[in-house]
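First comes the structure, then the notes that go with it.
Nothing in this text is a laboratory measurement; each read-out follows from the coordinates by a stated rule. Keep in mind that this is a model prediction, so the values were computed, not measured. Every residue, glycine as well, gets a Cβ built from its backbone with ideal geometry; the counts of neighbours run over all protein chains shown.
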Amino acid sequence: MTHLRGVKPAIERDGNPLKKAPAAPKHLSPYARAEWKRIMPSLIERAIITAADLGGVEDYCRARGLVREIEDALRASGEIDLKLCRAQDKAMQTARQLAAEYGLSPVSRARVGSAANDDDDDDNPLAIGRNRQ
């Protein structure tokens, strides 16, 4: 059994990606719907999500929306509510983890880019194991 502790596989284009962004689910909060509309064009353009991925994207948008909703509640109260702060921190952590799943962070976008460029090491003098003639 191979363990990939600390190593994430490269995100690759899917063989059957969505071609058009579906509308944001109506049950999402306004902040979550805004996040859906913000990220969906990029996900479609990079061809990395399918219909099967929409639940995870929805979860990401819900987590980001919750972060904003909690921020509004904290500002409106004018007080520091540790329970709300902990809930917001958890929502941020969840959103960050889900963002990495879909290439929504700089590091995960770089993984998408590096997967596309993997076979371009012909000019790399450090490439080992290649037949050079």
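According to a simple spin-label model (label point 7 Å from Cα along Cα-to-Cβ), what is the distance in nm between residue 109 and residue 79?
For the pair residue 79/residue 109, the computed spacing is 4.1 nm.
Subtracting the Cα-Cα distance from 0.36 nm times the residue separation, let me have the gained length for residue 20 to residue 71 in nm, one decimal.
Answer, rounded to one decimal: 15.2 nm.
Given a Förster distance of 22 angstrom, what is the FRET efficiency for residue 47 paired with residue 93, based on the Cβ-Cβ distance and rounded to 0.05?
The calculated FRET efficiency here is 0.20.
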